[in-house]
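*Asks:* Handing you this structure, nothing more for now.
The values are calculated or read from the model by the stated rules, or taken from the named source; none is laboratory data. Computed from a predicted structure; not experimentally measured. All Cβ positions, even for glycine, are placed from backbone atoms using ideal geometry, and neighbour counts span all protein chains on display.
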Amino acid sequence: MYNVMSSKAEEFISHEEILESLAYAEANKNNRELIDEILAKARQRKGLSHREAAVLLDCQLEDKNQEIYELAQQIKKDFYGNRIVMFAPLYLSNYCINGCEYCPYHVKNKHIARKKLTQEEIVKEVIALQDMGHKRLALEAGEDPVNNPIEYILECIHTIYGIKHKNGAIRRVNVNIAATTVENYQKLKEAGIGTYILFQETYHKESYEKLHPTGPKHDYAYHTEAMDRAMEGGIDDVGLGVLFGLNNYRYDFTGILMHAEHLESYKGVGPHTISVPRLRRADDIDPDVFDNGISDDIFAKIVACIRIAVPYTGMIVSTRESQSCREKVLHLGISQISGASRTSVGGYVEPEPEEENSAQFDVSDNRTLDEVVRWLMEMDYVPSFCTACYREGRTGDRFMTLLKSGQIVNCCHPNALMTLKEYLEDYASKETKAIGDALIEKELEVITNPKVKEKVIDYLANIHHGERDFRF
């Protein structure tokens, strides 16, 4: 049944292949010779198969686990440097016709406050996000063809791109909406979206169907094959994800790597990002009932093994995770994080009264964007608000080529410094600005091309004097 080049979900995500891979990993979790061979292959920076990665995830040899963490850190540094891309989710509507048992938006939940933003409310939300300093948004909406048709999503994108407030502008809109048709993906592409994001939740078909008993999302194949349709519709940056805690984590870890392999083989380019959310408490949802929760240590190892297996793919962790957990996984492979997130509809303009809760899940990291930016810089990370590659057409295989060539230090790193400078000039507190200006001076030395470095210094001076939006 297993066929990485198949267009059918149950063939490129083969249940039998996953079970065989998990059995192989279990049988070899203390096989030092095999683990050394896999690590030697991983050091070539070309990735691992799902079965090889499963062996590393199961490894019980403490010294080899330490090698896994050290290698993940080095690969992250080699391909992404110390940049951390910043974004925020924007919830447009929580109307939904699906019956997902882990999500408070499920259709049977009668006491959650149902909301849908008008275009005027979107303007207010986006201005609030711009006033924090955000340049990149991820749009979120429940599946409801009446309340949230594709026309509504397209109108929202048009509105967001048109909002200019002081020096604020949203330069990249990513979209996380339900699986749809090739025609609708073409419309999203024409609207100028960045990445199309869709979480699988779980790759275990039987569990998936039980967790989604009603609504369009019940169709496992249609949902799992969505990325193929998105790419057919012209979207070459797609983002995968599973919700760890719904099902056996080893199964879903293997499944998401098989999905990445399928996209690489069948469509010519792997996922732009992989997200690793964990199940969180929410209205009408008790995560304890799923009994698949994973510890922080297992979560960290999942991140490290994904980073080794797909070295070129961006990895995202949200404010579902605490500050301490995010700090740990930043070192192991994460390249994007959200900051100052609100998971309720309209939550950026004013916090909701508790009795009118419309949030999708509880947020664990409640710090302001300024606090998150300062925290990152104090750890010598460069918070990046860059959207240059998307706007310059460096998406899909063109972005991957840039990443694999090692030229990211003369492109993405300068862009990160310039967008950080914009943030420092326009939005940062006095303390954060002082730390950031010192960090930029230090990070200029990382740029190896003298002509690029000279240009960046000129651009930074221009930004200081009020000009904006320079990019390589």
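*Asks:* Quick one: which helices (runs of 4 or more DSSP H) sit completely within segment 109-194 and have at least 3 residues that are farther than 19 Å from Val349 by Cβ?
*Replies:* Details: elements: 119-132, 150-161, 182-190.
Output list reads 150-161, 182-190.
*Asks:* Could you tell me which residue of segment 39-80 is farthest from the chain's Cα centre (by Cα), considering only residues that are in a loop (DSSP other than H, G, I, E, B) and over 23 Å from Glu16 (Cα atoms)?
*Replies:* Applying the first criterion (in a loop (DSSP other than H, G, I, E, B)) to segment 39-80 yields 43-49, 59-61.
Now narrow it down to the ones that are over 23 Å from Glu16 (Cα atoms): 43-46, 60-61.
On the way: Arg43: 24, Gln44: 25, Arg45: 21, Lys46: 21, Gln60: 29, Leu61: 30 Å.
That would be Leu61.
*Asks:* For segment 404-411, state whether one or more residues are among the basic types (Lys, Arg) and within 22 Å of Gly194 (Cα to Cα).
*Replies:* Here is the first cut: in segment 404-411, the ones among the basic types (Lys, Arg) are 404.
Those left that are additionally within 22 Å of Gly194 (Cα to Cα): 404.
Yes, because at least one residue in segment 404-411 is among the basic types (Lys, Arg) and within 22 Å of Gly194 (Cα to Cα).
*Asks:* Going by the structure shown, is Ile302 assigned to a helix (DSSP H, G or I), of a type in the set (A, V, I, L, M) and either modelled with pLDDT under 95 or surrounded by fewer than 20 Cβ atoms within 10 Å (Cβ to Cβ) (or both)?
*Replies:* Values: assigned to a helix (DSSP H, G or I): yes; of a type in the set (A, V, I, L, M): yes; either modelled with pLDDT under 95 or surrounded by fewer than 20 Cβ atoms within 10 Å (Cβ to Cβ) (or both): no.
Here the answer is no, as Ile302 does not meet what is asked.
*Asks:* Could you tell me which of the residues Ala25, Ala72, Ala53 is of a type in the set (A, V, I, L, M) and either out of contact with any helix residue (DSSP H, G or I) (no Cβ under 6 Å at 6 or more places or on another chain) or more than 30 Å from Tyr390 (Cβ to Cβ) (or both)? Lay out the reasoning, then the answer.
*Replies:* Values: Ala72 fails: either out of contact with any helix residue (DSSP H, G or I) (no Cβ under 6 Å at 6 or more places or on another chain) or more than 30 Å from Tyr390 (Cβ to Cβ) (or both); Ala53 fails: either out of contact with any helix residue (DSSP H, G or I) (no Cβ under 6 Å at 6 or more places or on another chain) or more than 30 Å from Tyr390 (Cβ to Cβ) (or both).
It is Ala25.
*Asks:* Please go through segment 21-35 and pick out each residue that is free of Cβ contacts under 8 Å to residues at least 12 places away in the same chain and among the charged types (D, E, K, R). First the steps, then the outcome.
*Replies:* First, the residues of segment 21-35 that are free of Cβ contacts under 8 Å to residues at least 12 places away in the same chain: 23, 27, 33.
Within segment 21-35, Glu33 is the sole residue that qualifies.
*Asks:* Filter segment 386-422 down to residues that are modelled with pLDDT of 80 or more and outside any helix (DSSP H, G or I) and give me whichever is surrounded by the fewest Cβ atoms within 10 Å (Cβ to Cβ).
*Replies:* Once the filter is applied, the top-ranked residue is Gly393.
*Asks:* Which residue out of Phe253, Phe199 is in contact (Cβ under 8 Å) with a residue 60 or more places away in the chain, surrounded by fewer than 21 Cβ atoms within 10 Å (Cβ to Cβ) and under 21 Å from Ala300 (Cα atoms)?
*Replies:* After applying the criteria, what remains is Phe199.
*Asks:* Tell me, which residue of segment 81-109 that is within 21 Å of the chain's Cα centre (by Cα) and small (Gly, Ala, Ser) is nearest to Val363 (Cα to Cα)?
*Replies:* Within segment 81-109, the match that is nearest to Val363 (Cα to Cα) is Ala88.
*Asks:* For segment 370-385, give me each residue that is under 21 Å from His331 (Cβ atoms) and crowded, with 18+ Cβ neighbours inside 10 Å. Can you show your working first?
*Replies:* Residues of segment 370-385 under 21 Å from His331 (Cβ atoms): 371-384.
Result: Val372, Val373, Arg374, Trp375, Leu376, Met377, Tyr381, Val382, Pro383, Ser384.
*Asks:* Out of the residues in segment 109-140 that are in contact with a helix residue (DSSP H, G or I) (Cβ under 6 Å, 6 or more places away or on another chain) and β-branched (Val, Ile, Thr), which is nearest to Ile177 (Cα to Cα)?
*Replies:* Per the stated criteria, the residue is Ile122.
*Asks:* Considering only residues that are free of Cβ contacts under 8 Å to residues at least 40 places away in the same chain and hydrophobic (A, V, I, L, M, F, W, C), look in segment 441-472 and name the one that is nearest to Cys412 (Cα to Cα).
*Replies:* Ile447
*Asks:* Within segment 102-112, track down each residue that is touching a residue at least 24 places away in the same chain (Cβ under 8 Å) and surrounded by fewer than 16 Cβ atoms within 10 Å (Cβ to Cβ). Break it down into steps so the answer makes sense when it comes.
*Replies:* First, the residues of segment 102-112 that are touching a residue at least 24 places away in the same chain (Cβ under 8 Å): 102-107, 109, 111-112.
The answer is His111, and nothing else.
*Asks:* Next question, about the same structure. Any residue at all in segment 1-8 that's farther than 29 Å from Asp365 by Cα, modelled with pLDDT under 95 and of a type in the set (A, V, I, L, M)? Lay out the reasoning, then the answer.
*Replies:* The first filter runs over segment 1-8 and keeps only residues farther than 29 Å from Asp365 by Cα, leaving 1-8.
From what's left, modelled with pLDDT under 95: 1.
If we keep only those that are of a type in the set (A, V, I, L, M) too, we end up with 1.
The answer is yes, given that some residue of segment 1-8 is farther than 29 Å from Asp365 by Cα, modelled with pLDDT under 95 and of a type in the set (A, V, I, L, M).
*Asks:* Consider only pairs whose beta carbons are under 7 Å apart and that are at least six residues apart or on different chains; among these, list those whose first residue lies in segment 319-331 and is closer than 22 Å to Gly81 by Cα and whose second residue is at pLDDT 90 or above and among the aliphatic types (A, V, I, L, M).
*Replies:* These pairs meet every condition: Arg326/Val317; Arg326/Ile337; Lys328/Ala300; Val329/Ala300; Val329/Val303; Val329/Val317; Leu330/Ile84.
*Asks:* Continuing with this model, one more query. Among what's in segment 65-98 and is of a type in the set (D, E, K, R) and crowded, with 19+ Cβ neighbours inside 10 Å, pick the residue that is nearest to Gln119 (Cα to Cα). Don't jump to the end; show me each part of the working.
*Replies:* Step one: of segment 65-98, the residues of a type in the set (D, E, K, R) are 67, 70, 76-78, 83.
In the following step, the residues that additionally are crowded, with 19+ Cβ neighbours inside 10 Å were identified as 76, 83.
Values: Lys76: 39, Arg83: 33 Å.
Of everything passing the filter in segment 65-98, Arg83 is nearest to Gln119 (Cα to Cα).
*Asks:* For segment 244-262, enumerate the residues that are modelled with pLDDT under 95 and in contact with a Pro (Cβ under 8 Å, 6 or more places away or on another chain).
*Replies:* Once the filter is applied, which keeps residues that are modelled with pLDDT under 95 and in contact with a Pro (Cβ under 8 Å, 6 or more places away or on another chain), segment 244-262 yields Phe244, Gly245.
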